[in-house]
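J.: Sharing a structure below in structure tokens format, with a few things to ask.
Every number in this text was worked out from the coordinates using simple rules, so none of it is lab data. No experiment lies behind these values; they were computed from the predicted model shown.
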Amino acid sequence: MTNRALEYELSTAYALGSTLKQYRTQQDLTLRDLSAKSHISLSFLSEIERGIKEPSSTVIANISQALDLPLSNLYLDVAKAFRYQEIKRKEKELTHV
């Protein structure tokens, strides 16, 4: 895997994880609460939120359902988070030229 591909993969994982954490905390749920509702282990949820692991589409759907969140809304917000990361990265590159 190239550095560029790895960077892309890491940032998509981060965008998903940060978006899920935002929804979870907005609902005043702990990781333990979400783990129980989604039937996903606490450690795996933690790794997902930190962008360390990329879950399958089935796991994403389970988490979305546990958060009472339409899957389409989740994907739109993840796309927005990813785009925001891209903009910030480009701004950083321009300031370091």
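J.: Which entry in (i) 8.2; (ii) 6.9; (iii) 14.5 is this structure's computed mean projected area of the Cα convex hull in nm²?
T.: Correct label is (ii).
J.: Another one. Would you mind checking Lys21/Lys92; Lys21/Lys80; Lys53/Lys92 for any pair whose Cα atoms are more than 22 angstrom apart?
T.: Lys21/Lys92; Lys53/Lys92
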